[in-house]
1. Output the Cα-based Rg and Dmax of segment 141-299 in Å, rounding Rg to one decimal and Dmax to a whole number.
2. Can you work out the Karplus-derived ³J(HN,Hα) for every residue in segment 63-69? Use 6.51 cos²θ - 1.76 cosθ + 1.60 with θ = phi - 60°, whole Hz, and x for glycine or proline.
3. Give a residue-ordered list of calculated ³J(HN,Hα) values for segment 293-303 (Karplus: 6.51 cos²θ - 1.76 cosθ + 1.60, θ = phi - 60°; whole Hz; x for Gly, Pro).
4. Once Rh is set to the Kirkwood radius over Cα pairs, what Stokes-Einstein translational diffusion coefficient, in µm²/s, holds for segment 81-177 at a temperature of 4 °C and a viscosity of 1.567 mPa s?
5. Read phi for every residue in segment 253-267 and hand back ³J(HN,Hα) as whole Hz from Karplus 6.51 cos²θ - 1.76 cosθ + 1.60, θ = phi - 60°, with x for Gly and Pro.
6. Taking the Cα-to-Cβ direction at Thr262 and at Asn61 and moving 7 Å from each Cα, how far apart do the two end points lie in nm?
7. Under the rule of at least 5 residues apart or a separate chain, name every residue whose amide H is placed under 5 Å from the amide H of Ser121.
8. For the chain, which span is the longest to avoid every loop-located (per DSSP) member of GluC sites (Glu not before Pro) having at most 16 other Cβ atoms inside 10 Å?
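What follows is calculated from the coordinates using simple rules that are stated; it is not laboratory data. Everything numeric here is computed off the predicted structure, so don't read it as measured data. Here Cβ is always computed from backbone atoms with ideal geometry, including for glycine, and neighbour counts include all displayed protein chains.
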Amino acid sequence: MKTGKITAALAAGFVALCVILCSCSSGKTENADSAPVVMGSIVSVDVYGSDKRETAKLRDNAVEEVKRVDLVISKNNEQSELYKINQNSGKENKISGELLDYILETSEIYSLSNGRLSATSGALTEIWGIDTEQFRLPEKDEIKTAASLCDDSEITVTEEDMSSTVFVPEGQLFNLGSVGKGIACDRAAQVISQSESCEGAVISVGGSVAVFGKHDGNSVWKVGIRDPYGKSNEIFASLSVENSFISTSGNYEKKFEIDGKTYHHILDLSTGYPVENGLCAVTVIAKSGFESDALSTMCYVLGEKESAKILKMYDAQAVFIYSDKKVSVTDALKGKIEISNPDYTLK
């Protein structure tokens, strides 16, 4: 095993997507925003409406909901439900309906990856230090053993009356990190959209964003995509969207270097190593935060060709960004993407 130097800013300072408000139109609205750090990432909530006091309340409620979700699904927070279940790996554990749903939904969508992603990826991500940001290069035998534990077919659920239990063999660990920020966007959006005071909102949790409704009468939102080779606040392109959930997965989010070789955090369970397929990032637009987050990871792991049929299944769209700065988009995004950095070109 070797440890290495972290060569990129980590999640708390990381911005994969940003929303660029178009100047427009009809009627001034008040907005309230906030940017605490939750789930190891910056959480930004911007709510638009005619009553500033109400928009501030909605903003605060949305942030509290993100914090609550973290206490359900965090792998590292000792107070979270998932953490406690992982601590009892190999034993039967009572589980809330909410967490069980998240696990089963994650397992279901990742079943399309042919064993390259799973809800039980925790044993592998842990030995690489990805969960703790204490990165290391494991030995080959370690990787082989950990990868063998990343098998969702071993999950056993028992439901009786109003309670449920979950069991996985000893050593198996749940990890919902690849869908967690999308889930947080979903739940925060539910909190905000239930209020008639909300005209529109932007919710950003790390690399996942939700935009819905209107800002100053305009229903079109421009979402900027970070330049994988630039600073965290530099974008290379923007997408024009309405009522969408957008997530980006990129090899620049968390990485480290050992003996001149760079390793990143997106692992292929079939090899146990970081994915190397010519991509540096994938952005996905979907109907929910959970789907956009899960699909952006899966599209990165599978690559553009293998991802096509899965994107169609979920009626989702994607932007594939390659290490040679070529960009490919699914058909529905043609005409909706604007590349602002001349170093990048559409395929």
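1. 19.0, 58
2. After applying 6.51 cos²θ - 1.76 cosθ + 1.60, I find 5, 4, 5, 4, 5, 5, 4 Hz.
3. With coefficients 6.51, -1.76 and 1.60, one gets 5, 5, 5, 5, 5, 5, 5, 5, 5, 7, x Hz.
4. Answer, rounded: 94 µm²/s.
5. 5, 9, 8, 8, 10, 9, 6, x, 10, 9, 10, 10, 8, 8, 9
6. Reported label-point gap for Thr262 and Asn61 is 4.3 nm.
7. Asn175
8. No qualifying site falls inside 1-77, the longest such stretch.
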